[in-house]
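Structure record follows, encoded as structure tokens.
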Amino acid sequence: ADTITPNKPGYFDFPKPEKIVLNNGLTVLYHHRPGLGKIDLILDMKANHTYDTPDKQGLSLFMADILQEGTIQYSSQELAQELELYGMELNTFPGYIAMTFLSKDSVRACNLLFEVLTQPSFDQDDIERTRKHLLTELKLFWDNPTQFSGQLTRQLVYKDHQNSFNVLGVESALNIITKEDLIQAHKKYISPHGARLALVGDFSGIEIKDLLESTLGKWNGPKILDQQFPALFPVEH
């Protein structure tokens, strides 16, 4: 280590994405990386877990998990098999969806994402299985001090502010969330309004705007209102 002479840091020019806005208002940022053969996609929506109400903490995560539990066309198992068959990866979180797929399967992937966003099945068996999974995850969370210490700090600092909410929710809320609650949350918050779509990958031979307009461009939803946050006060020691 004593023989190494440190050099000045080099200049790195971050890639500058192209930007388009679809007819439904969805803002798209993309960057072409030829030769990769795949595409990484992130959909960032305006409403996240801070849009939960105090008595329904965990609703947004519950609803996000249900999006992966089948659609009108695909059962939960069939959707998992379709993703596996084409080597796709799909992850959903409150206000956020990530997807990876091969460039040659971009049309199929975008159509599948459109269906996940707009046509979840809300099957009651899937809802109950997801509820049990979330309750287990919540119990494990409160058994791990490295995780719950941060949550306790947020509750101390933010008190009744939405930033104090645990994205995993609370047990009392998870036990009473109904199918109708999930459907209404989906109708209210899964929307292209205020959303941003970022894509990085190999778009060789792909007309991005045509691809997205014919798939995700058909996605519509309500206007998402700005979140109203209560005033914060100094923490008392």
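The values are calculated or read from the model by the stated rules, or taken from the named source; none is laboratory data. In this text the structure is predicted, and so the values were computed from the model without any measurement. Using ideal geometry, Cβ is built from the backbone for each residue, glycine included, and neighbour counts are taken over all protein chains shown. For accessibility, only protein heavy atoms count, side chains too; no ligands or nucleic acids. Shrake-Rupley method; radii C 1.70, N 1.55, O 1.52, S 1.80 Å.
The table below gives the values:
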{"quantity": "Centroid-to-centroid separation of segment 40-63 and segment 87-138 [C-alpha atoms, Å]", "calculated": "14"}
{"quantity": "Too-long pairs where the Cα-Cα distance tops 22 Å, listed order kept, from 179/218; 132/159; 16/38; 159/188; 19/209; 188/209", "calculated": "179/218; 132/159; 159/188; 188/209"}
{"quantity": "Area accessible to solvent at residue 189, 1.4 Å probe radius, in Å²", "calculated": "50"}
{"quantity": "Nearby lysines by direct alpha-carbon distance to residue 139 (threshold 18 angstrom, same-chain neighbours under 8 apart not counted)", "calculated": "56"}
{"quantity": "Residue 140 - accessible surface, heavy atoms, 1.4 Å probe, Å² rounded to 10", "calculated": "100"}
{"quantity": "Solvent-accessible area, 1.4 Å probe, carbon plus sulfur percent, for segment 59-104", "calculated": "51"}
{"quantity": "Environment charge of residue 112, counting only residues whose C-beta is closer than 15 Å and scoring Lys/Arg +1, Asp/Glu -1", "calculated": "-4"}
{"quantity": "Solvent-accessible surface (1.4 angstrom probe) belonging to residue 106, in square angstrom, nearest 10", "calculated": "10"}
{"quantity": "Convex hull of Cα atoms in segment 13-119, direction-averaged projection (nm²)", "calculated": "8.6"}
{"quantity": "Alpha-carbon Debye profile of the chain, log10 I(q)/I(0) at 0.10, 0.18 Å⁻¹", "calculated": "-0.58, -1.33"}
